[in-house]
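A short worksheet on the structure shown next.
Read the figures in this text as sums done on the coordinates, not as results from a lab. Every value quoted in this text rests on a predicted model; they were computed, and no experiment measured them. We place every Cβ from the backbone using ideal geometry, glycine too, and count neighbours over all the protein chains shown.
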Amino acid sequence: MVNAVKGLYLSCDIPMAQFIINMNASLPQSQKFIIHVLDNTHLFVRSDMAGMIRSAISDFRDANTYEKPA
């Protein structure tokens, strides 16, 4: 019998993939969103978690962006 799962295919660079994997690992088992790590730059994740992943990435980028002092 075939078991199908609806999800999103994410393609990103290696550091961002590691950030997402680490974020997933820090969550309790009931809230984990990665269905399968395909390779170093591709992930298959639950589709209902897309907004949370985008928000976490945006916060991460904002926190790690250099702004030249005036």
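Computed quantities for the displayed model
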read-out: Charge dipole (debye, nearest 20) of the chain; +1 at Cβ of Lys and Arg, -1 at Cβ of Asp and Glu; value: 160
read-out: Tilt relative to the chain, helix 50-63 - C-alpha long axis, 0 to 90 degrees, to 10; value: 20
read-out: Whole-number D in µm²/s for the stretch 7-63 (Stokes-Einstein; Kirkwood sum over Cα pairs; 25 °C, 0.890 mPa s); value: 216
read-out: FRET efficiency estimate (nearest 0.05) - Cβ-Cβ, Gln18 to Phe44, R0 22 angstrom; value: 0.85
read-out: Spin-label proximity, Ala56 to the stretch 3-38 - amide N less than 12 Å from point 7 Å beyond Cα toward beta carbon; value: 17-29, 31-35
read-out: Exposed-loop-free span, longest in the chain, where trypsin sites (Lys or Arg not before Pro) count as exposed if DSSP calls them loop and at most 16 other C-beta atoms lie within 10 Å; value: 33-70
read-out: Per-residue [θ]222 nm for the chain (sum of -39500 (n - 2.57) over DSSP H runs n ≥ 4, rounded to 500); value: -12000 deg cm²/dmol
read-out: Angle between the chain longest axis and helix 14-25 axis [Cα atoms, degrees, rounded to 10]; value: 60
read-out: Relative contact order (percent, whole number), the chain, Cα cutoff 8 Å, 6+ residue spacing; value: 34
